[in-house]
Every structure is written in C-alpha cells, then in structure tokens.
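Below is one structure, written out as structure tokens; the observations come after it.
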Amino acid sequence: MFIDTGSDLVKLAHLRPGTVTVATGDRVRAGQLLGEVGNPGNTTEPHLHLYAERDGLGLDLRFTGITGTLHRGRTLRT
C-alpha cells in the first residue's frame, strides 16, 4: 500500500490480504485503520515494513506514544 501525502510517499508492506480498508484515491487521516498486519510466509510472526521518502530519499519517522529507540529487531506491542 502507498500513501501519497502530496510531498512524501509512505509505503506499508505485509498487510494481510483482504483487510485493507481504503481504496486508491481515498483520503486517510491519522489514527485511521488501514488494514491488519500480515505475514508474508517466510517469518515466524506478522510484521509491518514501513518506509517514507521524499524525492526518492528516505525520511526519518517519528512515532507518538513510543519510548526508547526504534531499531531493527525491536518488537512493539499495543
């Protein structure tokens, strides 16, 4: 799934098939459910790949309500 903000492109990968709640051209808002995290089949647990870019360059992401550093291998639970 891709979200185009007008200046940035946000990519979400490994959403569970059949759970995506938006369609191409829909406007999305902060906090809106977009779909459920899935498992591509080569991992032991469902997970999400999230990437943001502007003009082809990766952007740093900030999350609210998350303490500590985000890094490869860290598991977040809600």
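The values are calculated or read from the model by the stated rules, or taken from the named source; none is laboratory data. All of these numbers come straight from a predicted model, not from anything done at the bench. Note that we place each Cβ from the backbone using ideal geometry, even for glycine, and neighbour counts take in every protein chain shown. Only protein heavy atoms, including side chains, enter the accessible area calculation; ligands, DNA and RNA are left aside. Shrake-Rupley method; radii C 1.70, N 1.55, O 1.52, S 1.80 Å.
Note on residue 47 and residue 69: the extension gain reaches 6.1 nm, defined as 0.36 nm multiplied by sequence separation minus the Cα-Cα distance.
For segment 35-51, backbone phi angles converted through the Karplus equation (6.51, -1.76, 1.60; θ = phi - 60°) give residue-by-residue couplings of x, 9, 5, x, 9, x, x, 9, 10, 8, 9, x, 7, 10, 9, 10, 9 Hz, Gly and Pro being listed as x. Just so you know, the Cα atoms of the chain work out to an Rg and Dmax of 13.5, 35 Å. Of the residues 50, 75, 7, the one whose Cα sits farthest towards the positive end of the charge dipole of the chain is 75 (charges of +1 on Lys and Arg Cβ, -1 on Asp and Glu Cβ, taken about the Cα centre). Residues considered: 48, 34, 61. Largest GNM mean-square fluctuation over the chain, using C-alpha springs under 10 Å, is found at 61. For the chain, modelled as a GNM whose springs connect Cα atoms under 10 angstrom apart, the maximal fluctuation among 27, 62, 16 occurs at 62.
Calculated accessible area for the chain comes out at 86 Å² per residue, all protein chains present (probe 1.4 Å; ligands, DNA, RNA ignored). Simple spin-label estimate for residue 39 and residue 10 gives 2.6 nm between the two label positions (7 Å along the Cα-to-Cβ direction from each Cα). Derived scalar couplings between HN and Hα for segment 10-26 equal 10, 10, 10, 10, 6, 6, 5, x, x, 10, 5, 9, 10, 10, 3, x, 5 Hz in order, rounded to whole Hz, by the Karplus curve 6.51 cos²θ - 1.76 cosθ + 1.60 (θ = phi - 60°), x for Gly and Pro. Working from Cα pairs under 8 Å separated by at least six residues, relative contact order for the chain is 28 percent. The 3J(HN,Hα) values that the Karplus relation (6.51, -1.76, 1.60; θ = phi - 60°) gives for segment 63-69 are, in residue order, 10, 8, x, 10, 9, x, 8 Hz. Gly and Pro appear as x.
Modelled spin labels at residue 28 and residue 76, positioned 7 Å past Cα toward Cβ, are 1.4 nm from each other.
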